[in-house]
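Please read the structure below before turning to the comments.
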Amino acid sequence: MLLTITNTRPPATDLSFLLHKHPDRVQSFPLSFGQAHVFYPEASEARCTAALLLDVDAVGLVRGLAARGRAGEAQYVNDRPYVASSFMSVAIADVYGTALGGRSQARQETAETALPLTARLAVVHARGGPGLLAQLFEPLGYTLVAERHMLDEHFPEWGESPYYTLQLSGEVRLQDLLSHLYVLLPVLDDDKHYWVGDEEVEKLLRHGEGWLASHPARELITARYLRHRHTLMRDALARLVEGDEDPDAAEEAHAAEEQAIERPLSLNRQRIATAIDVLKEVGASTVLDLGCGEGNLLGTLVQDRSFARILGVDVSYRALERAKARLHLDRQPPDDVRVQLLQGALTYRDRRLAGFDAAAVLEVIEHLEPTRLDAFAEALFGGARPGTVVLTTPNVEYNVRFESLPAGTLRHRDHRFEWTRAELGEWSSRVAERFGYEVRLEPIGPQDPDVGSPTQMAVFTRS
Ligand code: SAH
């Protein structure tokens, strides 16, 4: 069985630094069930492909089972050696373990960047047909090509086999691609070769982090990955939900609290109106709404036809689902690209965000860990580089004026910080200088002579 991964972002050979495998050599690694070989069929500046070939020792496997008194489970003639299954997952973890963990000694930044990657797998056994392939991989943003193989080309009347050569393409971090394959290959095959114990729940949660909880087929994935062991499934699903949905639900509850505090000032409406004023002032036609949430700003943007392209990005799948419903995107013709939503984290570079006239980042930065602010600035001002950035955040000095807010507390329990005017000023000037922008600060909401306005805005213009 063979897995190739192709990178087409120059210098494409960075792939070899991410995989920690030299492009000029064939390297072999012994595994408990055979040998893995890594080599590069192509390695140029424009295109680089790494191949992971598994040579499963079928006879050895059977002997191993027999030695453990489980010979009955073994069949000499089966598809195990040829089909990408949990064997491939084990090989990915063993041979590409550092990349699967998202680390790279020489190219850490590239490891954290979405790259144009294509994975090709020969062959996969899709129990459930081509629909299953789409159901598993499309929600993760991949474009899929599945080529079905005949049972035997010499006997077409035998019909089609359940085997496919699968090609997945997308703009993803290598770590994410490997994690998706790690979890989903055994799911496709629905026949894990090894015993499923508690540690499998840990592996599933670890490698499913950031995507499995919001995957529409998460029940199926969990059931098949854990080989239908019910107690494990329940445990895993409960923890998945704990790990992901609760913060979302909590986020909603907290957002409601925040609105209640700010409502008398209808700050939300003022922020949107001010942001739109700025966007129109600079004549922006293509606009990013970063951390768009449920689409407060998007809803107003779409009504104005001078915005020809609008892309909303948020890390929360649930918020995006709401935004999609609210904007009636399901009724938008599929080839209409005027309004699009994208699930993604703002702390990673993403090429799909490049080339926009302007970006709005309303009430988002205070939700980021302070230690991730540099990564956010780097991805936005260094990577996406829109002409204008409109950013708003609470002015913490104003909190003493909110009667319903106990002294010393932030407006929203998910806020990691709230800044004074001086703090926003300092951060903004530093970022502007570093990335070649001019910045000005403006108040939003009623101005108090002592503590300023409740919301503060920074407008960055590329120099
Ligand atoms: N801009 C919207 C929503 C603000 S709430 C408005 O003004 O109404 C903050 C939003 O930022 C939430 O939807 C949250 O999911 C999103 N968010 C938080 N951290 C993020 C990250 N690292 N990447 C992308 N979105 C993030």
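The values are calculated or read from the model by the stated rules, or taken from the named source; none is laboratory data. Model, not experiment: these values are computed from the prediction. Positions of Cβ are generated from backbone atoms using ideal geometry, with glycine treated the same way; all protein chains shown enter the neighbour counts.
Go through the range 452-462 and report how many residues are farther than 13 Å from Thr392 by Cβ and either loosely packed, with under 13 Cβ neighbours inside 10 Å or at pLDDT 95 or above (or both).
2
Which strands (runs of 3 or more DSSP E) sit wholly inside the range 290-402 and have at least 2 residues that are farther than 20 Å from Leu424 by Cβ?
By residue number, 309-314, 339-343.
Conditions tested, residue by residue: (1) within 13 Å of the ligand (Cβ to nearest atom); (2) in contact with a Ser or Thr (Cβ under 8 Å, 6 or more places away or on another chain).
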site	(1), (2)
Ala379	yes, yes
Thr409	no, no
Arg416	yes, no
Glu423	no, no
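(1) at pLDDT below 95; (2) under 27 Å from Asp277 (Cβ atoms); (3) under 30 Å from the mean Cα position of the chain (by Cα): which one isn't true of Phe402, the others all being true?
Phe402 satisfies every listed condition except (3).
Under the condition of being in contact with a Pro (Cβ under 9 Å, 6 or more places away or on another chain) and surrounded by fewer than 19 Cβ atoms within 10 Å (Cβ to Cβ), which residue from the range 432-451 is nearest to Arg385 (Cα to Cα)?
Only one residue fits best here, namely Pro443.
Being out of contact with any helix residue (DSSP H, G or I) (no Cβ under 7 Å at 6 or more places or on another chain), free of Cβ contacts under 8 Å to residues at least 24 places away in the same chain and within 14 Å of the ligand (Cβ to nearest atom) narrows it down to one residue among Glu369, Glu321; which is it?
Glu321
Please state which of the following conditions Ala432 fails to meet, knowing it meets all the rest: (1) more than 13 Å from the ligand (Cβ to nearest atom); (2) in contact (Cβ under 8 Å) with a residue 60 or more places away in the chain.
Going through (1) more than 13 Å from the ligand (Cβ to nearest atom); (2) in contact (Cβ under 8 Å) with a residue 60 or more places away in the chain one by one, Ala432 breaks only (2).
Results for (1) on the phi < 0 side of the Ramachandran plot; (2) modelled with pLDDT of 90 or more; (3) among the β-branched types (Val, Ile, Thr); (4) out of contact with any strand residue (DSSP E or B) (no Cβ under 6 Å at 6 or more places or on another chain), shown as yes or no for each residue.
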site: Ala217; (1), (2), (3), (4): yes, no, no, yes
site: Ala223; (1), (2), (3), (4): yes, no, no, yes
site: Pro247; (1), (2), (3), (4): yes, no, no, yes
site: Ser266; (1), (2), (3), (4): no, no, no, yes
site: Ile272; (1), (2), (3), (4): yes, yes, yes, yes
site: Leu290; (1), (2), (3), (4): yes, yes, no, no
site: Gly295; (1), (2), (3), (4): no, yes, no, yes
